[in-house]
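Notes follow the structure.
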């Protein structure tokens, strides 16, 4: 942003490395102040400021809630020694000349800054400001914003540890019990970066009379605090869904993935703005509230490297989801090859239209449809050695 007047032709700030997308704690912010005037201009002093602050502002009824915290406050005076000074100490800038003034300062060390952020009710921003003070006239200013990103390494033991949980809910219709639904889910770690896939292991059971749909979504939770009041804003970022589950059946997700979209890292060190993420695994139940399980996530900047604590975190899952998930789908294979079906014919033509089975009002997804054809199967050849039937394509099992 440049404040221009009739006297000022150019007044702007440029950074030495324009390709640098963000700065970290301890980095040096350096650049130049460019000045070009259209008339003879007297300048008393040139100041340069480095500013970083978090600010929250929103309306609560008739009250206006505001809060602000400073994270960077740097100020220096640019010496104009190469200009002739007048008797009052001012210097004269003349048209036709281009003036450049260098500046530079270091950002505070790690733990003293918060990453740049812009949300619905607040922001964290950093900028360099130049002030041109003139005798008997208002000062002229210009700004140059820059991004700060505090590193968050997801390879720490805490963020590589698995997390999970289970939830169940009794369903009723007009105060009459109608069975229950339950889910049990787990992920192998808590820390992820943009573009990584979250692998979900989960089991869903439905013993109510309704048809339910399992889903998962990454949700951002933004918390703003001002005037001792708290305002929370939630936003769904991405989602996936599974197959519908009819009454008396269950379904399992074994390594179902959802990708982390392009989002800002978690902000956990600011007192007035907090940005958190959760993986919400839930079951959509027609005519009732969802059954929801939320698993905390930390979105970092240093991606998973595949070494160290990762192996330990995976081995810690033995006996939990990785073991129990194998029991969710138990396939019993015959001990010998089945007889040939080459001579068996069947008529599987669909003559009935698709019938809407469930309207899902969550997220604007399309309705789920179920085929209702009339199948006619001729008698199958008898097994000579195997008496058990194996359906290797089955994805849904009756609830035991």
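In the set 141, 168, which member is in contact with a strand residue (DSSP E or B) (Cβ under 8 Å, 6 or more places away or on another chain), closer than 29 Å to residue 201 by Cα and assigned to a strand (DSSP E or B)?
Details: 141 fails: closer than 29 Å to residue 201 by Cα.
168 is the lone residue from the list that is in contact with a strand residue (DSSP E or B) (Cβ under 8 Å, 6 or more places away or on another chain), closer than 29 Å to residue 201 by Cα and assigned to a strand (DSSP E or B).
Take the residues of the range 252-275 that are crowded, with 17+ Cβ neighbours inside 10 Å and touching a helix residue (DSSP H, G or I) at 6+ places or on another chain (Cβ under 9 Å): which is farthest from residue 168 (Cα to Cα)?
253
Take the conditions at pLDDT 50 or above, surrounded by 14 or more Cβ atoms within 10 Å (Cβ to Cβ) and outside the structural domain of residue 170 (by TED's automatic domain parsing) and apply them to residue 338. Does it pass? Before the answer, list the steps.
Numbers: at pLDDT 50 or above: yes; surrounded by 14 or more Cβ atoms within 10 Å (Cβ to Cβ): yes; outside the structural domain of residue 170 (by TED's automatic domain parsing): yes.
Yes; evaluated as a whole, the condition is true for this residue.
Specify the residue that is nearest to the chain's Cα centre (by Cα); the eligible residues are those in the range 110-168 that are under 30 Å from residue 216 (Cβ atoms) and free of Cβ contacts under 8 Å to residues at least 60 places away in the same chain.
By that ranking, first place goes to 118.
Residue 177 versus (1) assigned to a strand (DSSP E or B); (2) out of contact with any strand residue (DSSP E or B) (no Cβ under 6 Å at 6 or more places or on another chain); (3) in contact (Cβ under 8 Å) with a residue 40 or more places away in the chain: which is the lone unmet condition?
All conditions are met except number (3).
For the range 113-137, which positions are surrounded by 14 or more Cβ atoms within 10 Å (Cβ to Cβ) and closer than 16 Å to residue 266 by Cα? It would help to see each step written out before you state the result.
If we filter the range 113-137 for residues that are surrounded by 14 or more Cβ atoms within 10 Å (Cβ to Cβ), which is where we start, we get 113-117, 119, 121-134.
Scanning the range 113-137 gives 113, 114, 115, 116, 117, 119, 122, 123, 124, 125.
Just to confirm my filter: which strands (runs of 3 or more DSSP E) fall fully inside the range 1-74 and include at least 3 residues that are under 29 Å from residue 149 (Cα atoms) and either within 31 Å of the chain's Cα centre (by Cα) or at pLDDT below 90 (or both)?
45-60
The values are calculated or read from the model by the stated rules, or taken from the named source; none is laboratory data. Model, not experiment: these values are computed from the prediction. Quick reminder, even Gly has a Cβ in these numbers, built from the backbone with ideal geometry, and neighbours come from all protein chains shown.
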